[in-house]
Amino acid sequence: MILDQFRLDGRVALVTGASRGLGQAMAKALAEAGADIACVSRSGNDAATRNIVELCGRRFVGLTCDLTVPEQRRGLVQRVVDALGRIDILVNNAGIGTRHAPEEYPLVEFETLLQVHLTAVFDLCQQAAPFMFRQGRGKIINIGSVMTFEGGLNIPAYAAAKHGIAGLTKSLANSWSRRGINVNCIAPGYFETDMAGPLRDDPVRGPQILDRIPCGRWGDPDELGGVVVFLASNASNYMHGSVVVVDGGWLAR
Ligand code: NAP
């Protein structure tokens, strides 16, 4: 039956940046579909997500790790397997957004942003792959953005990283699709989270952005739940290297 293909019972999902925002909403959706959840955050402030996951009757493990620090990333996937027994789904979602004119963008900030949005993503994919190869099955979902397709304003590092995520997704899909791993990307538009708060509240940019969204509103993080469960489940087994846009019509305009 088709809806059974979306079930994630018995699966384990590692979601980075699941302490709040889009990561928390995706962790909730994956737990509601049956998956146990490992949450990575920088702060370790993951009590709210734990509560949500455990209310679904699923297991939860919280891992504190600054993904910009290679030493802290080391062995992260192994820790998930030690705690929850396996890894079936990896959602690379953690991220930051910093905004400066390109000519003033501090190089150190540029490098930090690439670490969390790109290098850490590749590192975790590399860590997860051997477990997924052994199972002959795995789902990797990288979080891009509409800035996977656009340059934006004063976000050179973010746009570079989000374009890079599409290339990484396709490259890994080409290498790993025959080994049972589906690697895909979700590209969200403008969603109501802490990261987007300053932009939404900006008296100039806020109304400009709202006016340009064809459906006339910002996204609710829960509106990514359907697509992440789809990409994490057997229902998407023939999808490899896709970038799925969820943006209220932003890119169609
Ligand atoms: P958010 O609300 O600011 O949450 C960011 C999450 O990432 C938090 O859980 C945070 O952990 C974690 N994180 C940040 N830096 C980290 C680091 N160095 N190490 C470990 N964890 C770290 O952001 P969001 O809006 O949900 O964004 C999530 C993803 O969606 C990002 O990749 C973003 O680029 C992408 N995205 C967002 C939008 C949007 O409109 N919101 C649109 C397109 C794409 P702590 O809680 O511990 O700080």
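The values are calculated or read from the model by the stated rules, or taken from the named source; none is laboratory data. None of the values given here were measured: they were computed from a predicted structure. So basically every Cβ, Gly included, is an ideal-geometry build from the backbone, and we count neighbours across all protein chains shown. The protein model used for the area step is the full one, side chains on, heavy atoms only, and it has no ligands, DNA or RNA in it. Shrake-Rupley method; radii C 1.70, N 1.55, O 1.52, S 1.80 Å.
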Where only alpha carbons of the range 145-193 are counted, the Rg and the Dmax (Å): 12.8, 40
Computed over the range 88-131, Kirkwood Rh from alpha-carbon pairs, angstrom: 11.9 Å
Computed E for Arg217/Arg134 - FRET, C-beta separation, R0 51 angstrom, nearest 0.05: 0.70
Between the range 135-205 and the range 25-44, the Cα center-to-center distance that results, in Å: 18 Å
Whole-number accessible area per residue in Å² for the chain, which is evaluated in the context of all protein chains at 1.4 Å: 45 Å²
Ratio Rg/Rh, restricted to the chain and using Cα atoms, in which Rh is the Kirkwood radius: 0.95
Inter-label distance, nm, simple model (7 Å from Cα along the C-beta direction), Asn234/Phe122: 3.5 nm
Surface share of carbon and sulfur [accessible, 1.4 angstrom probe, percent] for the chain: 52 percent
Trypsin sites (Lys or Arg not before Pro) restricted to DSSP loop in the range 127-220 with at most 11 other C-beta within 10 Å: Arg217
DSSP H segments from the chain that extend 15 Å or more along their own axis, Cα-based, with Kyte-Doolittle mean of -0.5 or above: 21-32, 120-135, 156-176
